[in-house]
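The values are calculated or read from the model by the stated rules, or taken from the named source; none is laboratory data. Remember, predicted model here, so these are calculated numbers, not experimental data. Cβ placement follows ideal geometry from the backbone for every residue including glycine, while neighbour counts extend to all protein chains displayed.
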Amino acid sequence: MPLAVKRAGKDKLEAFREERARVITVARRPSEIVVTASSLSHEPTSQAGATGAPAAYEPTVALLPFAASTAFASPLDEVHIERVERVAGRPHGNRFGELVHHLLATARLAAEPGVVAEAAVRGRALGLMPSDVEAAIAAAHNALAHPILLAAAQAEERGECRRECAVTHVLEDGRVLEGVIDLAYRQDGIWVIVDFKTDVTLGDERRIAYGRQVAAYAAAVSQATGEPTRALLLMV
């Protein structure tokens, strides 16, 4: 075989290997990076929003400034925190919180909420004690009587209420935020974005993380609707 032919074949092989390496490198690069609101809320950020925050949640109504970050481009300057009346010594934990969230997601808002049967079935599936299920029912009833949920019931009658609403939002850095909003309703031209929390207390770290999470949801709704939003945490 002539030497020129051999060299041409070698050059073609090298070119093929280089192109293959380039294609593999490009293919490994994700076209989109998807993050959840929960994971994003725990990313390192400035501590400016944490200065002077109390160690535990006490007041009925408080204001929580969220830490500044380009990832949370939002029309909000603060996240509101409101509290539902609780029974002293109430159970807590992930499974209890999951049951309360489930009841608030499925209970009727504008009528007497029939959550007892639903709670019994869901409680058994979660492995909760009957006393825990009863406490979750009481928590759901108290939450449904709160002014926030009463306003949501009125919005639902107008067709302006969403529960367990999936959202996506393109952040300034190009990543795509995905999450599920517990409750969103429109009132006087403003979308109220509500995140339910069942924590016993809120330390600095959780206050900031939860605030950033609901602020991100509010930014997503504002971008999608072109309307102002108000974000709040409802301690159930």
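Among ALA166, ALA117, which is in contact with a Gly (Cβ under 8 Å, 6 or more places away or on another chain) and either in a loop (DSSP other than H, G, I, E, B) or surrounded by fewer than 18 Cβ atoms within 10 Å (Cβ to Cβ) (or both)?
On the way: ALA117 fails: in contact with a Gly (Cβ under 8 Å, 6 or more places away or on another chain).
When all the criteria are applied, what remains is ALA166.
Restricting segment 193-236 to residues that are touching a Ser or Thr at 6+ places or on another chain (Cβ under 6 Å) and part of a strand (DSSP E or B), the residue that is surrounded by the most Cβ atoms within 10 Å (Cβ to Cβ) is ILE193. GLU134 meets each of the listed conditions (1) at pLDDT 90 or above; (2) under 14 Å from the mean Cα position of the chain (by Cα) apart from (2).
Among ILE181, ILE190, which is at pLDDT 90 or above, assigned by TED's automatic domain parsing to the domain that holds ALA37, surrounded by fewer than 16 Cβ atoms within 10 Å (Cβ to Cβ) and of a type in the set (A, V, I, L, M)? Write out each step before concluding.
Values: ILE181 fails: surrounded by fewer than 16 Cβ atoms within 10 Å (Cβ to Cβ).
That would be ILE190, the only listed residue that is at pLDDT 90 or above, assigned by TED's automatic domain parsing to the domain that holds ALA37, surrounded by fewer than 16 Cβ atoms within 10 Å (Cβ to Cβ) and of a type in the set (A, V, I, L, M).
Conditions first: (1) in a loop (DSSP other than H, G, I, E, B); (2) of a type outside the set (Ser, Thr, Tyr); (3) crowded, with 21+ Cβ neighbours inside 10 Å. GLY159 passes all but one, so which condition is the exception? The single condition GLY159 does not satisfy is (3).
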